Amino acid sequence: MPDTQPPVATLIKQGAEARVYTIPFAGRPAIVKERFRKAYRHPTLDEKLTSRRVVQEARCLHRIRRAGVDTPTVYLVDLKASTIYMEFIDGISVRDHILATSPLNHQHERELATKIAKSLGVMHDMDIVHGDLTTSNMMMRAGDNPSLVLIDFGLSFVSTLVEDKAVDLYVLERALSSTHPDTDSFFQAILNAYAKNSKGGKPVLKKLEDVRRRGRKRTAFG
Amino acid sequence: MIAIGFEGSANKIGVGIMEHSDDGKVSVLANPRHTYITPPGQGFLPKDTAAHHRAHVIPLTLEALAEANLTPKDIDVICFTKGPGMGGPLTTVAIAARTLSLLWGVPLVAVNHCVGHIEMGRMITGADNPVVLYVSGGNTQVIAFSEQRYRIFGEAIDIAVGNCLDRFARILGLPNEPFPGWQIEQRAKKGTQLIDLPYTVKGMDVSFSGILSHMESLVRDHDPYLPDAPYTADDLCFSLQETVFAMLVEITERALAHIGATEVLIVGGVGCNERLQGMMGEMATQRGAHLFATDERFCIDNGLMIAQAGLLAHKHGVVTDLTDTWCTQRYRTDEVLVTWR
Ligand SMILES: Nc1ncnc2c1ncn2[C@@H]1O[C@H](COP(=O)(O)OP(=O)(O)O)[C@@H](O)[C@H]1O
Ligand SMILES: [Mg+2]
């Protein structure tokens with residue numbers, strides 16, 4: 001039967017830079033992520049950043065999904081409209097999950113940390129750096145033993161540098177410690193699992209020490 | 001209760017007097033300030049800045065008392081900046097605060113400079129629980145309150161945005177009066193051409209050193225003051241502002257989205273830049289959030305912000321023992337346990 005009704009998009013979230021709508025796509029539950037024009041940004045800069053990020057996000061989502069990391073399936077990319085149509089993930093963000101269940105019990109903390117570390121390990125082994133690792137950019141599918149889903153690859157890039165991967169982990173550490181203040185052991189569990197589960201993990205963790213040291217030195221001045 | 005606040009962590013010295021009445025009313029009684037201005041192309045050195053503060057701290061104190069129509073007997077607490085900042089200037093002002101404490105028999109409260117900016121901004125604007133963008137010559141931080149601390153969600157990983165602007169103003173030889181960033185702001189208004197510059201955002205962190213060295217090489221390659229230059233000094237200022245402010249607005253928006261907050265407050269010396277305020281306002285509008293900002297009386301370093309933060313702490317029992325009134329150049333915003341919220 002021909003689809004005569006125009007699809008209805010419902011706004012579910014305004015994220016860090018995009019609006020996310022649910023929309024049926026070829027009969028499947030889907031979302032469309034729209035990087036709308038930012039009024040505050042110079043149009044030339046806005047276009048440059050937006051088109052770069054749409055392309056980068058679609059490409060990285062696709063690549064790491066093929067490598068076996070759970071990410072939303074990309075259905076369609078519309079460069080002109082700066083939109084990506086992708087699979088709707090039925091679940092919640094890791095941020096909301098931690099806020100709802102804190103304190104995490106030890107067993108659960110280890111399981112969640114291992115899932116996160118495995119995804120990050122595969123991603124980094126493919127030389128993909130996420131660029132914005134926060135608990136808002138990780139989701140958990142609904143159901144028992146939920147799969148961890150990495151989303152939001154707008155700031156991602158390809159790099160073989162150990163430094164870039166270490167900074168990726170440092171961004172996550174800072175996001176965890178500011179958003180979920182009592183989760184030191186959680187991040188440590190992620191690092192331990194990352195060391196076990198990624199091929200290039202050891203040098204990245206060593207580099208992370210340097211990155212942290214620089215961070216501590218940078219304590220506010222004037 | 002009446003507090004007097006002393007600030008001198010960088011090139012400004014300020015003395016502010018603040019009253020919190022029992023009925024909850026808050027009154028600004030005085031807030032004079034003096035800035036150490038260096039010749040064009042030159043920054044301020046700690047030793048000379050300390051000498052400047054030494055020369056001005058007593059006249060400013062007398063001026064503040066006269067303006068508030070008070071005598072030392074009316075003062076309940078003396079607040080001073082413990083850090084972060086430049087060592088020499090900080091200790092110069094702390095010595096003045098200690099001396100007055102002994103002379104007047106009034107307790108001392110040591111204050112974190114960044115917390116001073118935040119509390120001043122909240123008080124003046126009425127923002128309740130904002131994401132704070134703190135931007136000055138020494139700091140670039142995106143801050144939000146959680147579990148009794150002002151937590152840093154994002155920051156500049158190399159140089160502060162104000163430092164980047166000041167150094168570029170020096171490269172162009174712009175006057176330091178009233179302050180270098182103001183000179184850049186005026187020139188940017190006349191710029192028309194957007195030059196492609198590095199844009200570095202990592203999560204909620206930003207980096208400015210790449211932009212600065214790129215700008216330096218542009219000036220080296222083509223003197224922007226020559227008539228046949230491909231870009232003018234105005235274009236350079238315009239491009240610099242458009243790029244670095246876009247980065248700042250972006251990381252602030254990232255924090256807003258991540259936390260789920262709906263208020264933004266800009267504080268610190270760069271926060272009085274009207275282009276930055278305008279851009280932040282447009283971002284807020286597009287996501288149904290609300291922007292709070294202040295003008296240069298309150299967002300540039302001043303004594304009142306120290307009085308305000310110190311008085312809040314003091315009303316919750318904080319007193320700094322004379323032996324603990326040392327200063328520190330490094331003092332993170334999240335080190336302070338916030339007991340008054
Ligand atoms: N595929 C998806 N399925 C369900 N919800 C999603 C999906 N992608 C994003 N979201 C929701 O929308 C929010 C914003 O999406 P995100 O990709 O992170 O955009 P932004 O770059 O604007 O942060 C996410 O935090 C998540 O809650
Ligand atoms: Mg996101």
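The values are calculated or read from the model by the stated rules, or taken from the named source; none is laboratory data. Keep in mind the model is a prediction, meaning the values are calculated, not measured. Neighbour counts are summed over all protein chains in view; Cβ atoms, including those assigned to glycine, are modelled from backbone coordinates with ideal geometry.
Residues in the stretch A:132-156 that are more than 9 Å from chain B (Cβ to nearest Cβ), in contact with a Lys or Arg (Cβ under 7 Å, 6 or more places away or on another chain) and over 13 Å from A:LEU112 (Cβ atoms): A:GLY154 alone.
Residues in the stretch A:126-154 that are within 21 Å of A:ARG59 (Cα to Cα), of a type in the set (A, V, I, L, M) and part of a loop (DSSP other than H, G, I, E, B): A:MET126, A:LEU133, A:ILE151. Applying a threshold of 9 Å to beta carbon distances and a minimum spacing of six or more residues, or different chains, the list of pairs starting in the stretch A:13-26 at a residue that is more than 15 Å from B:GLN286 (Cβ to Cβ) and ending at one that is within 7 Å of ligand 1 (Cβ to nearest atom) and among the charged types (D, E, K, R) reads A:TYR21/A:LYS13; A:TYR21/A:LYS33; A:PHE25/A:GLU87. Can you name the residue in the stretch A:168-185 that is over 16 Å from B:PHE153 (Cβ atoms) and crowded, with 23+ Cβ neighbours inside 10 Å and, of all such residues, is farthest from ligand 1 (Cβ to nearest atom)? The extreme case among them is A:LEU169.
Counting the residues of the stretch A:12-38 that are outside any loop (DSSP other than H, G, I, E, B), away from ligand 1 (no atom under 11 Å from the Cβ) and within 9 Å of chain B (Cβ to nearest Cβ) gives 0.
Restricting attention to the stretch A:62-81, the residues that are more than 12 Å from ligand 1 (Cβ to nearest atom) and over 17 Å from A:VAL122 (Cα atoms) add up to 6. Residue pairs whose Cβ atoms lie under 6 Å apart, separated by 6 or more positions or on different chains, with the first residue in the stretch B:21-39 and more than 24 Å from B:GLN183 (Cβ to Cβ) and the second surrounded by fewer than 18 Cβ atoms within 10 Å (Cβ to Cβ) and at pLDDT 95 or above, are B:ALA30/B:GLU67.
Checking the condition loosely packed, with under 14 Cβ neighbours inside 10 Å, under 27 Å from B:ILE266 (Cβ atoms) and assigned by TED's automatic domain parsing to the domain that holds B:ASN273, which residue from B:SER213, B:SER207, B:SER217 passes? Only one candidate qualifies: B:SER213.
State whether the residues of the stretch B:282-304 include one that is part of a strand (DSSP E or B) and among the aromatic types (Phe, Trp, Tyr). There is at least one residue in the stretch B:282-304 that is part of a strand (DSSP E or B) and among the aromatic types (Phe, Trp, Tyr). Evaluating A:ASP46 against the criteria (1) within 14 Å of another protein chain (Cβ to nearest Cβ); (2) within 30 Å of A:SER185 (Cβ to Cβ) leaves one unmet condition, (2). The residues on offer are A:SER159, A:SER136, A:SER147, and the sole one that is in contact with a strand residue (DSSP E or B) (Cβ under 8 Å, 6 or more places away or on another chain), more than 16 Å from ligand 1 (Cβ to nearest atom) and not assigned by TED's automatic domain parsing to the domain that holds A:PRO72 is A:SER159.
Please go through the stretch A:76-113 and give me each residue that is among the β-branched types (Val, Ile, Thr), away from chain B (no Cβ under 14 Å) and within 16 Å of ligand 2 (Cβ to nearest atom), ordered by number. Selection gives A:THR83, A:ILE84, A:ILE89. Annotation: of all residues in the stretch A:17-38 being among the aliphatic types (A, V, I, L, M) and out of contact with any Phe, Trp or Tyr (no Cβ under 6 Å at 6 or more places or on another chain), the one that is modelled with the lowest pLDDT is A:ALA26. So if I check each of B:ILE266, B:ILE259, which one is in contact (Cβ under 8 Å) with a residue 40 or more places away in the chain, in contact with a Phe, Trp or Tyr (Cβ under 8 Å, 6 or more places away or on another chain) and within 14 Å of ligand 1 (Cβ to nearest atom)? Answer to the check: B:ILE259.
Here's the yes/no breakdown for (1) of a type in the set (A, V, I, L, M); (2) at pLDDT 95 or above:
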site: A:MET138; (1), (2): yes, yes
site: A:VAL162; (1), (2): yes, yes
site: A:PHE186; (1), (2): no, no
site: A:LYS206; (1), (2): no, yes
site: A:ASP210; (1), (2): no, no
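Within the stretch B:59-96, the residues that satisfy the criterion of being of a type in the set (Gly, Ala, Ser), within 14 Å of chain A (Cβ to nearest Cβ) and on the phi < 0 side of the Ramachandran plot are B:GLY87, B:GLY88.
Test B:ASP228 against the stated conditions and say whether it is in a helix (DSSP H, G or I) and surrounded by fewer than 23 Cβ atoms within 10 Å (Cβ to Cβ). Judged against the criteria, B:ASP228 is not a match. Considering the stretch B:231-268, the residues that are surrounded by 21 or more Cβ atoms within 10 Å (Cβ to Cβ) and among the polar types (S, T, N, Q) include one that is nearest to the other protein chains (Cβ to nearest Cβ), namely B:THR243. Checking every residue in the stretch B:112-122 against the condition of being away from chain A (no Cβ under 14 Å), aliphatic (A, V, I, L, M), more than 19 Å from B:VAL318 (Cα to Cα) and not in a loop (DSSP other than H, G, I, E, B) gives zero matches. Across the stretch A:156-192, the number of residues qualifying as assigned to a loop (DSSP other than H, G, I, E, B) and free of Cβ contacts under 8 Å to residues at least 24 places away in the same chain comes to 2. Please specify each residue of the stretch B:258-282 satisfying the condition of being farther than 21 Å from B:GLY126 by Cβ and at pLDDT 95 or above. Correct list: B:VAL270, B:ASN273, B:ARG275, B:MET279, B:GLU282.
Condition first: within 21 Å of A:ILE92 (Cβ to Cβ), among the hydrophobic types (A, V, I, L, M, F, W, C), within 16 Å of ligand 2 (Cβ to nearest atom) and in contact with a Ser or Thr (Cβ under 8 Å, 6 or more places away or on another chain). Now tell me which residues in the stretch A:12-63 satisfy that. Result: A:ILE12, A:ALA16, A:ILE31, A:VAL32, A:LEU61. Set side by side, the residues A:ARG59, A:ARG53, A:ARG41 differ, and just one is modelled with pLDDT of 95 or more, surrounded by 13 or more Cβ atoms within 10 Å (Cβ to Cβ), within 11 Å of ligand 1 (Cβ to nearest atom) and farther than 29 Å from A:ASP144 by Cα, which is A:ARG53.
In the stretch B:76-104, the residues that are free of Cβ contacts under 8 Å to residues at least 40 places away in the same chain reach residues that are surrounded by fewer than 18 Cβ atoms within 10 Å (Cβ to Cβ) and part of a helix (DSSP H, G or I) with C-beta atoms within less than 6 angstrom, at least six apart or across chains, in these pairs: B:TRP104/B:PRO72.
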